[in-house]
1. So, counting K/R as plus one and D/E as minus one, what does the shell of residues with Cβ under 13 Å around SER12 add up to?
2. Report the one residue of TRP279, ILE52, GLY149 whose Cα lies farthest in the direction of the positive end of the charge dipole of the chain (charges on C-beta: Lys and Arg +1, Asp and Glu -1; origin at the Cα centre).
3. Considering only protein heavy atoms and a probe of 1.4 Å, how much of the accessible area of the chain is carbon and sulfur, as a whole percent?
4. Relative to the first principal axis of the alpha-carbon coordinates of the chain, what is the inclination of helix 83-96, with its axis defined by its Cα atoms, in degrees from 0 to 90 and to the nearest 10?
5. If R0 is 22 Å, what FRET efficiency do you get for HIS233 and GLN186 from their C-beta distance, rounded to 0.05?
6. Would you mind checking the tilt of helix 451-475 against the longest principal axis of the Cα atoms of the chain, expressed as 0 to 90 degrees and rounded to 10?
7. With +1 on each Lys and Arg Cβ and -1 on each Asp and Glu Cβ, how big is the dipole of the chain about its Cα centre, in debye rounded to the nearest 20?
8. What does the extension gain come out to for ASP466 and GLN358, with contour length at 0.36 nm per residue minus their alpha carbon separation?
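The values are calculated or read from the model by the stated rules, or taken from the named source; none is laboratory data. Nothing here was measured: the structure is a model prediction, and the numbers come from that model. Cβ coordinates were reconstructed from backbone atoms using ideal geometry, including for glycine residues, and neighbour counts include every protein chain displayed. Surface areas here come from the heavy atoms of the whole protein model, side chains and all, with no ligands, DNA or RNA. Shrake-Rupley method; radii C 1.70, N 1.55, O 1.52, S 1.80 Å.
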Amino acid sequence: MSMRSLFLQAPSFDGYDGGAGARYQARREIKSFWYPTWLAQPAALVEHSKLIDAPAHDLSFDDISHEAKRHDLLILHTSTPSFQSDVKTAELMKALNPALKVGMIGATVAVDADKAMHASEAIDFVARNEFDFTIKDVADDVPLASIDGISYRNAQGVVVHNKDRTVLTDMDQLPFVTPIYKRDLQMEKYFIGYLKHPYVSFYTGRGCKSRCTFCLWPQTVGGHNYRVRSVGHVIEEVKYVLKAFPQMKELFFDDDTLTDNRPRIEELARELGKLGVTWSCNAKANVPYDTLKVMADNGCRLLLVGYESGNQQILHNIKKGLLIETAKQFAKDCRALGIKIHGTFIVGLPGETRETIQETIKYAKEVNPHTIQVSLAAPYPGTFLYKQAMENGWFDGTDHLVSDGGNQIAQLSYPHLASDEIFESVAEFYKKFYFRPSKVGSIVGEMVTSPDMMKRRLREGVEFFDFLKNRSAQAS
């Protein structure tokens, strides 16, 4: 019998989104939450488990403290910005139940397991890299010394690093995560500004063949080999979702780049079309028209696309593997097919100047995604960007990627471009993109045609203007 296991996204900053779908673990300009899929996956493997996502459900430590004595095993998903806070949660839970075995998962402990283990004696082990079956072994009470893929503290208090676990290739071995959502989460608590509400998201595969220097997950946990579930396995979970969540308005596939395997995405799209589901996914801005048409004809409503920069040299610097002209044609094709785009951009990447920031803003207006997200270049430990920034003296190596309130801060600073200028450019980017007659008109048009969208956009508008106001205060 498995240990009574609690999988926890711990309380942290108000509105903090640290789930696996969050490309940057931070508070957003508009409050949003991704599902804690990477906690739900091992929870689905462990009998008698329970999943708590405290930030999304607005739970404090007092709200969850009683769970310490109800469980034998606590698994905390952590990240670089939330690590110190998560350590405190581990210590508090351990104080309430000294017999509680506490483990951590996530990119930050995968990168530096030794540092994580020495952060607190309350941490009994960390599971490195992909951890699903590693956690199942722990929950099944397999001796820690016999479990591949963990670092743990032995009876003498010495930290031991076991050998790595073999990477999973048969992804159909993984059980569905969505029954865990149904059992333990309130789907209405999860909302993303560019997705219909309520939505559901899960992965159909792991890894990304792209080599973007800043991207956290492929460089720390998922790897660069895109390993996928069979289309039939995915469709069976979609059928479950349609029955279990009849109120769902959109299904999002959270693979780093679902369009990396074009024959598969076309096959998957055709099967989704038979079910009549509205869906969206992450995509690279190089998908050809023919594939996009198959997707559009079979329910694809929106693509989440990382444009990053409008300067070709910067794209080369970050190993994006994308040509500006290709991305422009992709945007035209999506517009012709009626596929909406949520475009993401990053300011402060290597090679950035005041001029390239303006170039990217101009580019964003030209490709004109339906909505955008502008992030600050973040040197997460374990990424090539982190190594590059340390070697060049672009930042001091601190792990404080967010402010005390959980908002992103500009960590990189160049001799020709200071961090405060990079920080201030985010608000400028948003203003120049959204405060245009054509963009304002399209948003108002959405609101007029849908009462639900009217309420939602008004709420988001208040949050967005608060975000701009707070950034102005931080900048000054």
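1. Computed value for this residue: -4.
2. Looking along the dipole axis, the top candidate is TRP279.
3. Taking all protein chains in place, the chain shows 52 percent carbon and sulfur surface.
4. The answer is roughly 30 degrees.
5. Numbers: r = 26 Å, r/R0 = 1.20.
FRET efficiency, HIS233 to GLN186: 0.25.
6. Helix 451-475 sits roughly 80 degrees off the main axis of the chain.
7. Values: 56 positive and 59 negative charges, 271 e Å.
About 1300 debye.
8. 36.5 nm
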